[in-house]
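Laboratory data are not the source of any read-out in this text; all were calculated from the coordinates shown. Model, not experiment: these values are computed from the prediction. For neighbour counting, all protein chains shown are included, and Cβ atoms are generated from backbone atoms with ideal geometry for every residue, glycine included.
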Amino acid sequence: MTAPPDEHREPPSSFVEQANLRDRTICEEFEANWPGCWEQAADVLDWHREYDQVLDESNAPFYEWFCGGELNASYNCLDRHIEAGRKNHAALKWEGKRRETRTYTYQDLSHEVNEVAAALRDLGVGEDDVVTLYLPMIPELPIAMLACARIGAPHSVVFAGFSADALATRMESATSEYLITCDGYYRRGNAFNQKSKADNALMELDNDVTTVVVDRLGEELDHTLDERQYDYEDLLIAHAGARVSPVARDGEDMLFLMYTSGTTGEPKGVTHTTGGYLSYAAWTARTVLDVKPEDTYWCSADIGWITGHSYTVYGPLALGTTSVIYEGTPDYPDRSRLWEIIERNAVDVFYTAPTAIRAFMKWGEQYPESHDLSSLRLLGTVGEPINPRAWKWYYTHIGNESCPVVDTWWQTETGGIMITTLPGVNTMKPGSAGPSLPGIGARVVSEDGSTIEAGEAGYLVIDRPWPGMFRTLYGNDDQYVHEYWDRFSVDDEWVYLTGDGATVDEDGYITVLGRVDDVINVSGHRLGTMEIESAIVGVSGVAEAAVVGGNHETNGTAVYAYVSTDHSQEPSEALEARITDAVEDTIGPFARPEDVIFTPELPKTRSGKIMRRLLENIANHEPLGDTSTLRNPEVVGEIEAADRKE
Ligand code: WT7
């Protein structure tokens with residue numbers, strides 16, 4: 001999918017001259033001095049106590065980084081900038097759905113973070129207690145994250161679009177007894193009740209939960225507070241002016257947990273540490289996203305996902321820059337909204353998802369053209385492969401051919417960017433993410449683990465640890481080893497399995513092809529096919545379901561559900577609606593199938609395994625290949641007909 005050589009681009013010299021990283025020898029330098037090279041990342045931060053050892057591999061694949069070091073993330077994101085005389089510098093610029101704006105200087109932010117930290121302590125939150133945050137894109141979300149970090153309580157942010165069930169599952173798994181949520185928020189211009197979802201989740205839990213409620217909608221949405229529920233504003237007033245000294249955390253102590261989808265029906269709690277994660281988020285924000293303290297920087301991802309954690313909150317604030325947070329969607333109230341925000345705030349660096357870019361393309365260049373985007377210096381993408389056509393559109397119509405574009409590959413588990421071009425160093429090849437970052441060991445291997453030839457497709461693996469890596473799955477060390485490390489590791493040579501397929505070219509540029517496991521990526525939302533299937537088979541009348549990712553013009557990939565019904569039930573539109581509603585209720589609206597295709601049976605191998613690959617081919621209208629291993633080959637024609645709605 002990579003563009004031909006005449007479409008490769010060199011970084012513009014105007015960019016290179018000012019780039020945070022323009023030294024071409026960095027890769028050799030990192031190789032020669034690995035893992036010591038990662039001191040460079042740790043040095044971006046202020047440590048309360050210096051570490052004694054960069055990397056401890058003795059208990060691999062349970063690696064430890066910057067051993068013996070102590071630090072506090074909120075100190076690094078706030079206090080140290082204030083101590084450096086930058087108290088009046090803007091930390092957050094918030095753009096509300098209804099055009100309200102709020103700016104928090106580092107001083108303002110520190111003030112509120114301290115008050116919330118004091119309030120949480122008062123409510124009983126102790127070090128290592130997991131606090132769940134179920135909030136939309138409002139400043140109170142990063143404030144609550146930093147308040148937790150200040151007192152050493154790991155946060156678990158649950159994307160606001162998740163259902164009550166999904167919230168309850170995550171709180172239960174994390175044994176979280178504290179929740180911060182809000183009354184509601186605006187969705188497509190309407191008031192949407194978030195608290196009722198949270199209350200439903202709490203009813204599903206056995207233990208008592210202490211809840212803090214942010215009043216986002218004021219008089220537009222009434223809400224009442226039950227026992228153990230506190231109003232955020234009241235807590236701020238009760239703790240006005242409070243100061244909480246940042247707790248010194250061991251570098252390996254958990255900073256947060258983030259649930260993500262995997263190949264089983266259960267979400268996995270990915271754990272990230274204070275020292276390694278924060279160093280890596282800050283270092284990559286500086287070297288790849290070229291973030292400078294004087295910049296206005298905007299990552300459009302929701303803070304409810306890892307991208308927002310690393311590149312809206314922790315990375316940018318650790319670097320002392322100004323980070324933009326936008327509550328709304330790109331097309332509300334009109335399709336110029338993002339470009340208007342970039343123009344008005346004179347945004348220097350913009351980081352978004354290919355899905356969004358494909359939508360902008362479809363809407364047309366008249367929207368960006370009606371705004372002055374000349375403040376932009378660097379553009380980034382993340383979340384899914386970007387096709388060369390979308391890349392070129394972004395480069396031309398948003399970047400005016402004068403901003404490098406970085407196509408950054410990484411995952412919830414990796415904590416930060418792993419594969420990308422360095423914007424001040426490397427040639428850009430549209431469609432290919434680029435080489436491994438210095439010090440990162442990304443490789444593409446064949447079925448037996450051997451390195452493959454340039455151009456051939458294989459498994460994307462990482463053969464060395466890195467500071468930003470997750471340390472385990474919460475409460476499940478066995479699954480951590482089994483799911484990520486067992487496949488290609490030999491003796492003491494640990495190899496991390498990413499779950500993606502990829503190719504690599506002669507220059508070491510990696511083109512990521514997409515997931516090779518039962519995970520699908522829809523508009524940058526990671527979904528487990530098993531999770532969706534179990535929601536569907538819970539609907540009465542459904543016998544079996546198989547969910548696959550199929551091509552979709554704007555979203556890249558969409559969810560297609562193949563469903564067979566039992567004797568009691570004929571396929572109908574009403575059943576289809578019950579199925580899509582069930583997915584929405586158990587996971588969230590973003591997981592809704594694009595299409596439900598009823599079929600008399602699902603295609604199965606002789607051993608009874610559903611042949612998803614075949615369903616994927618059907619969804620994509622691709623040749624089906626060999627179907628002779630099927631137990632029920634006759635069903636294929638019927639499914640194809642159903643797919644075409646014949
Ligand atoms: C999966 C991880 C990490 C931020 C958001 C997603 C896909 C991510 C790229 C890219 C091709 C990409 C992979 C990966 N992905 N970035 N630049 N090119 N694919 O985090 O939800 O953990 O999903 O997103 O398939 O495994 P996530």
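Annotations
- At most 12 other Cβ within 10 Å, DSSP loop - GluC sites (Glu not before Pro), the stretch 471-534: 506
- Radius 15 Å from Cβ of residue 505, net charge of other residues (Lys, Arg +1; Asp, Glu -1): -4
- Once you divide the Cα radius of gyration of the stretch 312-449 by 2.2 N^0.38 Å, the number left is 1.11.
- For the stretch 572-629 and the stretch 357-391, distance of Cα centres in Å: 33
- Averaging over all projection directions, the Cα-based convex hull of the stretch 34-150 occupies 9.8 nm² in the image plane.
- When only alpha carbons of the stretch 224-299 are considered, Rg and Dmax amount to 18.5, 48 Å.
- Debye log10 I(q)/I(0) at q = 0.09, 0.13 Å⁻¹ for the stretch 518-645, Cα point scatterers: -0.23, -0.48
- Each other residue within a Cβ distance under 11 Å of residue 345 adds +1 if Lys or Arg and -1 if Asp or Glu, for a net charge of -3.
- Alpha-carbon Rg with Dmax, taken over the stretch 162-231, Å: 12.0, 35
- Counted by Cβ distance under 13 Å from residue 326, the other residues give a net charge of +1, where Lys and Arg count +1 and Asp and Glu count -1.
- P(r) for the stretch 264-385, from all Cα pairs and a bin width of 5 Å, is 2, 10, 20, 23, 19, 12, 7, 4, 2, 0 %, short bins first.
- Comparing 632, 605, 527 along the charge dipole axis of the stretch 518-645, the residue lying farthest to the positive side is 605, per the Cβ-charge model.
- Check: the chain dipole with +1 on Lys, Arg Cβ and -1 on Asp, Glu Cβ, in debye: 1440
- Shape summary of the stretch 464-562, radius of gyration then Dmax from alpha carbon positions: 16.9, 54 Å.
- Taking the inverse of the mean 1/r over every pair of distinct Cα atoms in the stretch 42-84 gives a Kirkwood hydrodynamic radius of 11.5 Å.
- The chain: DSSP helices with Cα axial extent of at least 15 Å and average Kyte-Doolittle hydropathy no lower than 1.0: 140-151
- The trypsin sites (Lys or Arg not before Pro) of the stretch 426-491 include none that DSSP puts in a loop with a beta carbon having at most 11 other beta carbons within 10 Å.
- Ranked 437, 21, 278, 602, criterion: other C-beta atoms within 10 Å, fewest first: 21, 602, 437, 278
- A DSSP coil position with no more than 11 other Cβ atoms inside 10 Å describes the following GluC sites (Glu not before Pro) in the stretch 226-319: 227, 294.
- The stretch 378-478: proportion of alpha-carbon pairs further apart than 17 angstrom, %: 60
- Put simply, the chain fits an ellipsoid with semi-axes of 36, 31, 26 Å; these come from the alpha carbon gyration tensor as the roots of five times its eigenvalues, largest first.
- When only Cα pairs below 8 angstrom with a gap of at least 6 residues are kept, the chain shows a relative contact order of 14 percent.
- Distances between placed amide hydrogens fall under 5 Å for residue 557 paired with 523, 552, all partners being 5 or more residues away or on another chain.
- Longest to shortest principal axis, alpha-carbon extents of the stretch 142-281, angstrom: 46, 43, 32
- Percent RCO, i.e. relative contact order, over the stretch 489-535, from Cα pairs under 8 Å lying at least 6 residues apart: 22
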